[in-house]
1. Mind giving me the nanometre distance, one decimal, between the label points for VAL36 and ALA71, set 7 Å out from Cα along Cα→Cβ?
2. Limiting things to C-alpha atoms, what are the Rg and the maximum Cα-Cα separation (Dmax) for the chain, in angstroms?
3. With a 1.4 Å probe and every protein chain kept in, tell me what percent of the accessible surface of the chain is carbon plus sulfur.
4. Arrange the peptides 98-106, 23-31, 7-15 so that the one whose residues have, on average, the most other Cβ atoms within 10 Å appears first.
5. Let me check against my output: what whole-number percent is the relative contact order of the chain, with C-alpha pairs under 8 Å and at least 6 apart?
6. State, as an integer percentage, the relative contact order of segment 19-112 based on alpha-carbon contacts under 8 Å between residues 6 or more apart.
7. Calculate for the chain the 222 nm mean residue ellipticity that helices alone would give, adding -39,500 (n - 2.57) per DSSP H run of length 4 or more and normalising by residue count, nearest 500 deg cm²/dmol.
8. Suppose we flag GluC sites (Glu not before Pro) only when DSSP calls them loop and at most 11 other Cβ atoms lie within 10 Å. Which is the longest uninterrupted stretch of the chain?
Amino acid sequence: MRVKVAHRTSYAYDAPASQVVQALRLTPRDHEAQHVRNWRIDIDVDGYLRAGTDPYGNALHMFYADGPLSAITITVSGEVDITDSAGVVRGAAEPLDPQVFLRPTPLTTPDRGLADLAARCAQPSTVDALHALMLDIHGRMTFDTDATHAATTAAGALAAGRGVCQDFAHMFITAARLMGVPARYVSGHLARDETHPQEAAHAWAEALVPDLGWVAFDPANGVCATERHVRIAVGSDYLAAAPVRGARRGGGLETLAVEVHAADAAMQTQRQSQGSGQSQIQSQN
């Protein structure tokens, strides 16, 4: 499938901000099942954009603006060809030893509840245990955009029984590590059929399965990653793979708005053609 993505992140400040620095993990990289056809980043204020790679092998752009700024909008757009590989990720940049992804982080620190979750899903086969874990989380958690926030831990989300894809991924990662399986966070996009914009990017997890390698599990949807999943960045948790993180001097209170369109490019073209045809018919009438 060819997935077309448009992702816009807008910040507004209630006072002038200066010395703005933004770390942008917004650009996908190729692997065997994913080929980036075209991609670009646009920023609506003057500044300097430097391309590089972070320690996890992600494409990283650092943006610097002296300001003063009252607002900033970062827009990314592009197309990616994806082949359904049953979630198996091969040929991606892997600069780190997989054992790094056994270490807990503040967002993925286990507690008794997560230990019980891992024990309940444990099976002789690693891949069977991970599928059981994914389906358990998917079945027990309620998707709720108001229940958690960016700093919510895996333990906190499990206790609440509610959360978003970030929380589902953190729970999966934490429990998988308790099973002795290296696991990591993935930020990206999920192509959807609906036409209204999404309010955030998507997130899932990858776990290292013997004889298969890294396999992507999406507990928010109860499936392994498909041809609809655009893989952008990986990390030990959300903070290491967040699409945008930054710092600034001043600015006062900050307002953030995110809008994401990710869909089958062929379907988008068809809808645009149908819309154009309807406009022509209406104009003739």
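The values are calculated or read from the model by the stated rules, or taken from the named source; none is laboratory data. Given the structure is predicted, the values throughout are model-derived calculations rather than measurements. Cβ placement follows ideal geometry from the backbone for every residue including glycine, while neighbour counts extend to all protein chains displayed. Side chains included, ligands, DNA and RNA excluded: accessible areas come from the protein's heavy atoms. Shrake-Rupley method; radii C 1.70, N 1.55, O 1.52, S 1.80 Å.
1. 2.8
2. Values for the chain (Cα only, Rg and Dmax): 19.9, 68 Å.
3. 50
4. 23-31, 7-15, 98-106
5. 28
6. Reported relative contact order: 36 percent.
7. -7500 deg cm²/dmol
8. 1-193
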